[in-house]
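Report on the structure given below.
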């Protein structure tokens, strides 16, 4: 998940061929994020991609009824009791869970927190990932 967030917005053809850079984030909520990149370097975000290629659009979402975090519809984390995403917009030093669509291009860092259980043990994970391709 960290790698997907860090690589979001990869756009090797900007500004030479594509005048508008690819927005790293196209959905940003407290329990879901959609990331995009141009890994096959053709100037667009293509999904589905050819076999063996990385997905250029990656969606992480939390299904609280099944206690799962999904990556492109496939379980990525299981036994997840809670999951939250928050976002650093532009130069802000305080993360927010409320991101307007006009701010998607300005997301520069994502904070991820979840609790996961295994038997009688519950563990909390927390990390922040900077978007390497942030152009703000």
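The values are calculated or read from the model by the stated rules, or taken from the named source; none is laboratory data. Fair warning: this is a prediction, and the values are worked out from it, not measured in the lab. Methodologically, a virtual Cβ is constructed for each residue, glycine included, from the backbone with ideal geometry; neighbour enumeration extends over all protein chains shown.
Here residue 23 fulfils each of the conditions (1) part of a strand (DSSP E or B); (2) over 16 Å from residue 112 (Cα atoms) apart from (1).
Touching a residue at least 40 places away in the same chain (Cβ under 8 Å) and closer than 30 Å to residue 123 by Cα: is that true of residue 80 in this structure? Walk me through how you get there before you give the answer.
Numbers: touching a residue at least 40 places away in the same chain (Cβ under 8 Å): no; closer than 30 Å to residue 123 by Cα: yes.
Here the answer is no, as residue 80 does not meet what is asked.
Of 38, 47, 106, all but one fail to be in contact with a strand residue (DSSP E or B) (Cβ under 7 Å, 6 or more places away or on another chain), at pLDDT below 95 and crowded, with 18+ Cβ neighbours inside 10 Å; the exception is 106.
Of everything in region 106-122, what is without any contact (Cβ under 8 Å) to a residue 40 or more places away in the chain, within 19 Å of residue 5 (Cα to Cα) and assigned to a strand (DSSP E or B)? Give them in sequence order. Talk me through it step by step, then tell me what you get.
Pass one, region 106-122, residues without any contact (Cβ under 8 Å) to a residue 40 or more places away in the chain: 106, 108-109, 111, 113, 115-121.
Narrowing the set further to residues that are within 19 Å of residue 5 (Cα to Cα) leaves 106, 108-109, 111, 113.
Correct list: 108, 109, 111, 113.
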